[in-house]
Amino acid sequence: MSQSLLQFALLFPGQGSQAVGMARELADSYTSARDVMAEADDTLGFSLSTLCFDGPEEVLTDTINAQPALMAASVAALRAIHEAIPDLPAPAALAGHSMGEYSALVAAGSLSYADGLRLVRERGRLMKEAGERSPGGMAAVLGMEIDGVDAICAEARTSTGGVVQVANDNCPGQVVISGDDRALEDAMQRLSGAGARKVVRLAVSIAAHSPLMAPAAAELQRAIEATDLQPPAIPVIGNVHAMPLQTVEDVRADLVAQLTASVRWTGSMRLLAGQGINTVVEVGSGDVLSNLMKRIERDVRRLAVGDPSGIERLRALMTE
């Protein structure tokens, strides 16, 4: 066993990482992954596996479907990893971006997979409904640091009386803002004028991680309080405070607050690196989080595992 892998963390992607075909090769190659996808179908009462494997893309991308689909793909990858590499040591920590935090909690034994699927399906439904009641959007801001973006969002709120704030502090030079249409457009214009390299409105119709999600957060809280949770057996770095969630109360508070609060991903990854994590393994669809880590802590090794070839790369890394 490679000693260098003794300090590794697993990362779980959030919405935006979904892709038609995800988890198909894992299900074809590993019984455990196939079982995970079948359990998702049984739990939700429709063929989520077919949606993941074959699309159509516009249905998979719908918030209400994308969230449970991403969890299923991540848990399928996680179970396949353990099937293929049974002597893999436990990770030192876990983290998930936005909805990915639920997948991390499943991996930590805090939340059952079936309950996790039901919660993120409900989360997606409530977010979609809140977006219909309070229309808004999101925009990516490239080439400007978080403090400058924060200050300009404050100016836009004062100017418009509306809602706009940092939604995701993804990595140095990549920030996502979220808010109602008028305040968002005002902030985008100010950011462009203040020297941001690029400001791009995203193809989403909800203002995630903003106060416009407050109605969804209130309803989601009831679902979370009705769900059986355990203290995480492995530290999970929470999105809201970029600190480990240690108790059931910590978990519940973070899952509710993250709907209206910013995702502090840069701080979360710097915390991991500061604790001696030297390798991160992204578990599930895509490599978004691996690429962000390259911008946050370049010396941390990165690996994305979403198919059998990714598992083989992980196996090889262990024997270096």
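Every number in this text was worked out from the coordinates using simple rules, so none of it is lab data. Note that the structure is a prediction, hence the values are computed from the model and not measured. Don't worry about glycine lacking a Cβ; one is built from the backbone with ideal geometry, like all the others, and counts go over all protein chains shown.
The amide H of VAL163, built 1.01 Å from its N in the peptide plane, has ASP180, ALA183 as neighbours under 5 Å, considering only residues 5 or more places off or on other chains.
Per-residue ellipticity at 222 nm from helix content only, as computed over the chain with -39500 (n - 2.57) for each DSSP H run of at least four residues, stands at -15500 deg cm²/dmol.
Label-to-label distance, ARG270 versus LYS198, with points set 7 angstrom from Cα along the beta-carbon direction: 2.4 nm.
Rounded to the nearest 20, the Cβ-based charge dipole of segment 261-320 about its Cα centre (Lys and Arg +1, Asp and Glu -1) stands at 240 debye. Name the residues of segment 54-90 whose amide N is less than 19 Å from a point 7 angstrom out from the Cα of ALA114 along the C-beta direction? So the set is 68-69, 71-73, 75-76, 79. As a proxy for reagent exposure, ranking THR50, THR266, THR61, THR319 by other Cβ atoms within 10 Å from fewest up yields THR319, THR50, THR61, THR266. For segment 105-127, the residues whose amide N sits under 20 Å from a probe point set 7 Å from the Cα of ALA233 along the beta carbon direction are 105-117. Mean separation of Cα pairs under 8 Å and 6 or more residues apart, divided by the residue count, gives segment 136-204 a relative contact order of 47 percent. Placing unit charges on each Cβ (+1 for Lys and Arg, -1 for Asp and Glu) gives the chain a dipole about its Cα centre, and among GLY267, ALA90, LEU105 the Cα reaching farthest toward its positive end belongs to GLY267. Ignoring the sites themselves, what is the longest stretch of the chain with no trypsin sites (Lys or Arg not before Pro) in a DSSP loop and at most 13 other beta-carbon atoms within 10 Å? The reported range is 1-196. Taken along the Cα-to-beta-carbon direction at a fixed 7 Å, the label points for ALA257 and ALA214 span 1.7 nm.
Over segment 136-204, the alpha carbon radius of gyration divided by the compact-protein estimate 2.2 N^0.38 Å works out to 0.93.
Can you give the angle from 0 to 90° between the axis of helix 265-274 and the longest principal axis of the chain, with both taken from C-alpha atoms, to the nearest 10? Approximately 50 degrees, to the nearest ten. When the P(r) of the chain is calculated, the portion above 30 Å amounts to 31% of the C-alpha pairs. Pop the C-beta distance of SER29 and GLN7 into the FRET formula with R0 = 41 Å and round what comes out to the nearest 0.05. Approximately 0.90, to the nearest 0.05. Put a dot 7 Å past the Cα of ALA151, heading toward its Cβ, do the same for ASP62, and the two dots end up 4.4 nm apart.
Measuring r between the beta carbons of ALA90 and ARG315 and using R0 = 22 Å, the FRET efficiency lands at 0.85.
Residues PHE46, PHE8, PHE53, arranged from fewest to most other Cβ atoms within 10 angstrom of their Cβ, appear as PHE46, PHE53, PHE8.
Listed by Cβ neighbour count within 10 Å, with the fewest neighbours leading, GLU58, GLU145, GLU122 appear as GLU58, GLU145, GLU122.
Mind checking the angle between helix 113-133 and the chain's longest principal axis? C-alpha axes, 0 to 90 degrees, to the nearest 10. Relative to the chain, helix 113-133 is tipped by roughly 20 degrees.
If one takes the longest principal axis of the Cα atoms in the chain, at what angle in degrees, from 0 to 90 and to the nearest 10, does the Cα axis of helix 181-193 lie? Once rounded, one gets 90 degrees.
Between ARG295 and GLU225, residue separation times 0.36 nm minus the direct Cα-Cα distance comes to 21.6 nm.
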